[in-house]
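Quick note: the coordinates plus some simple rules give every number you see, no bench work behind them. Everything numeric in this text was worked out from a predicted model, so none of it was measured. No Cβ is skipped: glycine too gets one built from the backbone with ideal geometry, and neighbour counts run over all protein chains shown.
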Amino acid sequence: MGLASIYRAAALFNTNKENMVATTGDYAGTQINSDRQLWSVAGTLATVYRIFFGMEFTPDGISFTTFVPSAYTGDKSIRNFKYRNAILTII
């Protein structure tokens with residue numbers, strides 16, 4: 001349910017910018033299509049990287065413990081992921 005609420009707003013407004021008030025689910029009361037709301041994109045990316053792919057970043061490297069909720073089945077991949085001095089494809 002929590003992930004669905006994040007993706008619902010992005011799908012409804014065709015953007016990851018902040019377009020709704022969390023307490024009401026309505027657009028009234030927020031800055032529509034504000035380019036200054038990049039934390040919304042960062043939150044979406046963190047969800048994909050840290051939850052679905054289970055990425056953990058340490059001084060020694062990166063590890064993966066994937067977890068994909070049943071509602072999000074299907075093939076998952078990340079391409080052109082820049083990490084240190086490498087560009088990774090993660091399947």
Item to complete: Using a Förster distance of 22 angstrom, determine the FRET efficiency expected from the C-beta separation of R8 and S63, and round it to 0.05.
Response: 0.10
Worksheet item: With r defined as the distance between the Cβ atoms of S70 and A28 and R0 fixed at 22 Å, what FRET efficiency is calculated, to the nearest 0.05?
Response: 0.05
